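Asker: To start, I am sharing the structure in question, which I have written as structure tokens.
Coordinate-derived values only; no laboratory data. Remember, predicted model here, so these are calculated numbers, not experimental data. Methodologically, a virtual Cβ is constructed for each residue, glycine included, from the backbone with ideal geometry; neighbour enumeration extends over all protein chains shown.
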Amino acid sequence: MQIKETSDNPMTKPALDKVTVHISVGEGGQKLINAENILKTLTGQATVRTTAKRTQPAFGIRKGQAIACKTTLRRAKAREFLRRALEIRGNLLHEFQFDENGNVSFGVVDHTDFAGMTYDPQVGIFGMDVIVALKKPGLRVARRRAVQGHIPLKHRVAREEAITFLETNYNVVLG
């Protein structure tokens with residue numbers, strides 16, 4: 001898919017839709033509560049628990065058991081958290097982390113890398129997944145309930161557009 005760099009149409013410029021932050025602990029109890037508290041502190045938002053989709057006897061996980069937590073950030077909170085998370089990674093991403101729909105995901109190994117977070121032996125260290133979704137204006141047409149429309153392929157965010165967006169707006173370097 002070719003990208004037209006000379007286009008001044010604001011409807012063709014990608015924008016940040018949302019940032020989802022996910023911590024998986026693999027079990028419930030105090031460990032999950034600690035992960036929820038860390039996520040609340042980092043994002044300033046309430047978390048949602050996610051459950052296991054299948055029973056995994058080897059790991060002691062039952063279907064429906066709460067094993068992780070996540071939160072979705074939008075607008076200014078999403079931009080700020082993404083900037084902080086990318087700084088921790090040294091603004092380095094790889095091309096394989098981008099999918100064909102303009103989404104990118106990467107991991108942060110240690111929550112204590114964020115400013116203001118300290119290590120507590122009672123809590124431990126948690127890593128997290130950061131999933132970034134990009135969109136172009138007009139995507140609501142395909143998602144709305146009434147008079148739902150179709151978005152053509154040329155109006156969806158391509159991998160190359162997502163890479164260019166993050167390179168120009170967040171100083172991301174492909175490694």
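Asker: Out of (1) assigned to a loop (DSSP other than H, G, I, E, B); (2) at negative phi, the odd one out for Lys154 is which?
Answerer: Checking Lys154 against (1) assigned to a loop (DSSP other than H, G, I, E, B); (2) at negative phi, the one that fails is (1).
Asker: Just to verify a result, which residue in the stretch 121-141, among those that are in a loop (DSSP other than H, G, I, E, B) and among the aliphatic types (A, V, I, L, M), is farthest from Ser24 (Cα to Cα)?
Answerer: Applying the filter and picking the extreme gives Leu139.
Asker: Given (1) under 26 Å from Asp120 (Cα atoms); (2) in a loop (DSSP other than H, G, I, E, B); (3) free of Cβ contacts under 8 Å to residues at least 12 places away in the same chain, where does Lys53 come up short, assuming only one miss?
Answerer: Failed condition: (1).
Asker: What single numbered condition from (1) over 22 Å from Ile163 (Cβ atoms); (2) surrounded by 13 or more Cβ atoms within 10 Å (Cβ to Cβ) fails to hold for Thr41?
Answerer: Failing condition for Thr41: (2).
Asker: Next up: Cβ-Cβ distance below 8 Å, separation of 6 or more or different chains: which pairs start in the stretch 20-33 with a residue that is surrounded by fewer than 16 Cβ atoms within 10 Å (Cβ to Cβ) and end on one that is in a helix (DSSP H, G or I) and of a type outside the set (Gly, Ala, Ser)?
Answerer: Gly26/Phe59
Asker: I would also like to ask the following. Look at Leu39 and say whether it is hydrophobic (A, V, I, L, M, F, W, C), farther than 21 Å from Leu134 by Cα, within 14 Å of the chain's Cα centre (by Cα) and part of a helix (DSSP H, G or I).
Answerer: The answer is yes for Leu39.
Asker: Are any of the residues in the stretch 109-120 more than 19 Å from the chain's Cα centre (by Cα), under 25 Å from Gly29 (Cβ atoms) and of a type in the set (Val, Ile, Thr)?
Answerer: Yes, the stretch 109-120 contains a residue that is more than 19 Å from the chain's Cα centre (by Cα), under 25 Å from Gly29 (Cβ atoms) and of a type in the set (Val, Ile, Thr).
Asker: What do you reckon, is Ala76 of a type in the set (A, V, I, L, M, F, W, C) and surrounded by fewer than 13 Cβ atoms within 10 Å (Cβ to Cβ)?
Answerer: So Ala76 fits the description; yes.
Asker: Take the stretch 67-95 and flag every residue that is free of Cβ contacts under 8 Å to residues at least 60 places away in the same chain, part of a helix (DSSP H, G or I) and under 16 Å from Leu134 (Cα atoms).
Answerer: Once the filter is applied, which keeps residues that are free of Cβ contacts under 8 Å to residues at least 60 places away in the same chain, part of a helix (DSSP H, G or I) and under 16 Å from Leu134 (Cα atoms), the stretch 67-95 yields Arg75, Ala76, Lys77, Glu80.
Asker: What's the number of the only condition in (1) buried (at least 18 other Cβ atoms within 10 Å of the Cβ); (2) in a loop (DSSP other than H, G, I, E, B) that Gly64 fails to meet?
Answerer: (1)
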